[in-house]
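The values are calculated or read from the model by the stated rules, or taken from the named source; none is laboratory data. As the structure is a computational prediction, the values presented were derived from the model and not from experiment. No Cβ is skipped: glycine too gets one built from the backbone with ideal geometry, and neighbour counts run over all protein chains shown. For the accessible areas, the whole protein counts, side chains as well, though only heavy atoms, and no ligand, DNA or RNA atoms are used. Shrake-Rupley method; radii C 1.70, N 1.55, O 1.52, S 1.80 Å.
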Amino acid sequence: MTENRFSRHPKKTIGLLLLAVFFLLDFGLGAIFCPKAVGTPDAYYHHDLPRNISGTKVWGDRTYPVFTNSLGFIDRQVRFVPLAAPGKRLLLLGDSFTEGVGHPFDETFAGILSRSLEGQGVEVLNAAVTSYSPKLYYLKARYLLEVAGLRFDDLLVAIDISDIQDEVVHDEFIPAGDFGISRSYLLNRIDSLLNRISLSYHGLRTLVGRSPGVSRGLLSADVDVEKVLANWDRDRDRWTDDQDVYRAWGAEGLRLAAEQMRQLAGLCREHQVRLTIVVYPWPRQVLAGDLDSLQSRFWREFCVQQDLGFIDLFPDFIQPGHAEQMLGRHFIPGDVHWNAAGHRLVAERLLRWWHESGDS
């Protein structure tokens, strides 16, 4: 009698069956419990939003509509955006604050600017994406100008408090070269895919991956590295006033950020784009009444040296003696991001800048 495969290799067969069951359960449960990222890895500038999407996104207890246009920019609706426009164009770059997490487009400062300026023949494009930082601002702007061929007249870059930490994280990213991909991009793509589909990978990444993907060589040599990494998420906004955090990674993050912004300034001069930098506080700086924050001082001096426009929103959010009221009025409860009123405040300030700068 002829033996079947199971009779000949019972252990291997059982092993393969158990492995198949494991992967079915792992990917099946992953489809339910793994995070559904809106962003996608990008070979040129690390990560981006998919193009022409129409759906919803969850931020905390908020569910809100999300649309992207043909360039992958957050927009009012799915639409085609030509590379050149008959009138002026203002491009926005920033992180989650500028992307407008937690709000539909029309409630964000980008949406308000767009509505307010479109009647004057000005198109506002929002190229911001969560977790961007100066390195990615430069890489994305370079890609848009020199690869995609997008034309715009003004670039407004909103540098967030957390950008300095993210700059340290993004330092190891190597953008695509002539061949269109890089080892850094491929690893990022694999990690992102597995984190979305495999429950076991996501769980292990959550358990072990609390330490950010940061080169330890960028951290100060005289600090407790494990302690720094353990407090990484908590310390995102502390580099401006905590000397230990500043020494650990804040000084290096600022150095890296300034170098990338110098490259961005040179790129804009080359393409005759006016560059303006915007800074604003987190709740920590509001509560401390830190009007003379290191974030403000550093970028103000940088803009003077580089002959760039500079907008300081710290005074708009900080009123001595009214910190709690300002937080309740302009920030999402329990979050560092702005509520709808905070976005309106920013939009009003930027509209004044636009008109006062002679671009109305």
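Taking all protein chains together, I318, I112 sort by accessible area into I112, I318, largest first [probe 1.4 Å].
Model label points for D242 and A340, set 7 angstrom from Cα along the Cα-to-Cβ axis, are 3.4 nm apart.
Subtracting the Cα-Cα distance of A85 and E356 from their residue separation scaled by 0.36 nm leaves 95.3 nm. When only Cα pairs below 8 angstrom with a gap of at least 6 residues are kept, the stretch 278-360 shows a relative contact order of 28 percent.
Once you have the Cα-Cα distance between V147 and E118, take 0.36 nm times their residue separation minus that, and quote the gain in nm to one decimal.
7.8 nm
Of the peptides 320-330, 12-22, the ranking by mean beta-carbon count within 10 Å, highest at the top, reads 320-330, 12-22. Could you work out what % of the accessible surface of the stretch 75-117 is carbon and sulfur, using a 1.4 angstrom probe and leaving DNA, RNA and ligands out of the count? Taking all protein chains in place, the stretch 75-117 shows 58 percent carbon and sulfur surface. Rg over Rh for the stretch 244-360 works out to 1.00, both radii taken from alpha-carbon positions and Rh defined as the Kirkwood radius.
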